[in-house]
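Below is one structure, written out as structure tokens; the observations come after it.
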Amino acid sequence: QMSTNFTDLVMACGSGGTTAGIGLGCHLAGLQTKIHAYGVCDTPQYFYEYCQELLDHMGGSRDALQGTGAEDLFEAIQAKGSGYAISTKEELACVKEVAERTGIVLDPVYSGKALHRFLLD
């Protein structure tokens with residue numbers, strides 16, 4: 001049987017909506033899962049601010065969460081590389097290698113950039 005106690009969740013972050021929702025859900029469920037959001041189009045600061053706005057509108061304001069904010073729910077990491085939808089040779093090589101080794105084809109704009117940066121970390 002597979003354990004459901006994940007310590008970390010690594011994900012690509014495009015607009016921030018999924019990241020905000022997963023971060024809030026893990027927090028409200030009392031999970032200790034660390035969310036690592038690899039941003040493919042903006043800065044970490046942008047994602048913290050944008051996601052905080054989303055949380056505020058979903059009832060997840062700092063007041064409602066006893067001082068917890070977006071920056072407490074996930075770690076935003078810069079993975080934009082050369083720019084949105086602009087892949088480097090290294091990023092494309094990573095996508096190709098994953099496909100050859102696992103049969104899993106990652107898109108080079110989101111999951112490919114995120115995995116490449118994660119592997120560098």
Task: Subset of the stretch 29-73 (residues that are over 26 Å from T4 (Cα atoms) and either basic (K, R) or touching a residue at least 40 places away in the same chain (Cβ under 8 Å) (or both)) - done: V40, C41, R62
Task: V109 vs. criteria open to solvent by less than 50 Å² (accessible area, probe 1.4 Å), over 13 Å from T19 (Cβ atoms) and touching a residue at least 60 places away in the same chain (Cβ under 8 Å) - done: yes
- [ ] Check whether at least one residue in the stretch 52-62 is surrounded by 13 or more Cβ atoms within 10 Å (Cβ to Cβ) and small (G, A, S), and report yes or no.
- [x] yes
Task: F118 being in a helix (DSSP H, G or I), under 17 Å from L9 (Cβ atoms), touching a strand residue (DSSP E or B) at 6+ places or on another chain (Cβ under 6 Å) and open to solvent by less than 50 Å² (accessible area, probe 1.4 Å) - done: no
Open item on the list: Being part of a helix (DSSP H, G or I), open to solvent by less than 40 Å² (accessible area, probe 1.4 Å) and either of a type in the set (S, T, Y) or in contact with a strand residue (DSSP E or B) (Cβ under 6 Å, 6 or more places away or on another chain) (or both) is the filter here; which residues of the stretch 1-43 pass it?
Closed with: T19, G23
Open item on the list: I'd like the full set of residues that are more than 18 Å from A37 (Cα to Cα), assigned to a helix (DSSP H, G or I) and of a type outside the set (A, V, I, L, M, F, W, C), limited to the stretch 87-115.
Closed with: K89, E90, K96, E97, E100, R101, T102
- [ ] Say whether the condition of being touching a helix residue (DSSP H, G or I) at 6+ places or on another chain (Cβ under 6 Å), over 14 Å from R117 (Cβ atoms), surrounded by 13 or more Cβ atoms within 10 Å (Cβ to Cβ) and at pLDDT 95 or above is met by at least one residue in the stretch 89-99.
- [x] no
Task: Test: residue in the stretch 77-84 that is of a type outside the set (V, I, T), open to solvent by less than 20 Å² (accessible area, probe 1.4 Å), under 22 Å from D121 (Cβ atoms) and assigned to a loop (DSSP other than H, G, I, E, B) - done: yes
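The values are calculated or read from the model by the stated rules, or taken from the named source; none is laboratory data. Worth saying up front: this structure is predicted, and the values here are computed from it rather than measured. Cβ: placed from backbone, ideal geometry, glycine included. Neighbour counts: every protein chain shown. Please note that ligands, DNA and RNA were not included when accessible areas were found on the heavy atoms of the full protein model with its side chains. Shrake-Rupley method; radii C 1.70, N 1.55, O 1.52, S 1.80 Å.
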